[in-house]
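Working notes for the structure below.
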């Protein structure tokens, strides 16, 4: 066993051993251990170097582990992927096929005007003690530390998300949706997942730039779609959001 697993014995084998034997990079283990996610699907994503916080969202987009890895290796970020394809108006159920076909959101939108998604489907075939000390003194939950240590991100924004119990991998996508840390926390405490949020609001046909205001106003995707159909605008939702914007809630 490589030197990267010297610490392995303290975890007592079991599910973790499956990860080790599958050749999962050591830095991935922390993420999956924190979520107690050790099934075959988790191993498949971890082997590709995809963080446990991001894997469910890549999956919600219809991407397979190796496809997500290819995007990441080419410099794509999950938050940017969600934002760019959503803003382009591509239905969430088509995204993976267009990506698999090697198209950008703009190219997919252009081709979509004259070709069906079936065409695309065929084509698809630690930094040091000081930053950590700042993090701890700010009152961020200890379980949030591994995520920040892995990414070496300890700035004020990272601390703000961590204090709300939002994993660093997920925070970037919540931020891309224009949610504030306390708003994301409120959703999570109510049983809402990041992947479900992306899927449900995208499917409802709500522009990505409006999502945060409708959520901040306390509406579900279905309710927001209904209000929009009645002529109620996102500006009205933003006003309600401002009234509800209490970080203590």
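The values are calculated or read from the model by the stated rules, or taken from the named source; none is laboratory data. Please read all numbers here as calculations on a predicted model, not as lab measurements. All Cβ positions, glycine included, derive from the backbone under ideal geometry; neighbour counts span all protein chains shown.
Quick one: count up the residues across region 56-81 that are buried (at least 21 other Cβ atoms within 10 Å of the Cβ) and part of a loop (DSSP other than H, G, I, E, B).
Number of matching residues: 2.
Mind listing whichever residues of region 44-55 are surrounded by fewer than 21 Cβ atoms within 10 Å (Cβ to Cβ) and either outside any loop (DSSP other than H, G, I, E, B) or outside the structural domain of residue 25 (by TED's automatic domain parsing) (or both)?
If the condition is that a residue be surrounded by fewer than 21 Cβ atoms within 10 Å (Cβ to Cβ) and either outside any loop (DSSP other than H, G, I, E, B) or outside the structural domain of residue 25 (by TED's automatic domain parsing) (or both), then 44, 47 are the ones that fit.
Residues that are closer than 18 Å to residue 84 by Cβ, under 14 Å from the mean Cα position of the chain (by Cα) and modelled with pLDDT of 95 or more: find the helices (runs of 4 or more DSSP H) completely inside region 171-248 holding 3 or more of those.
Those helices (runs of 4 or more DSSP H) span 194-203.
Report whether or not residue 93 is outside any helix (DSSP H, G or I), surrounded by fewer than 21 Cβ atoms within 10 Å (Cβ to Cβ) and outside the structural domain of residue 194 (by TED's automatic domain parsing).
No: the conditions fail for residue 93.
For region 17-30: of the residues being assigned to a helix (DSSP H, G or I) and out of contact with any helix residue (DSSP H, G or I) (no Cβ under 7 Å at 6 or more places or on another chain), which is nearest to residue 161 (Cα to Cα)?
17
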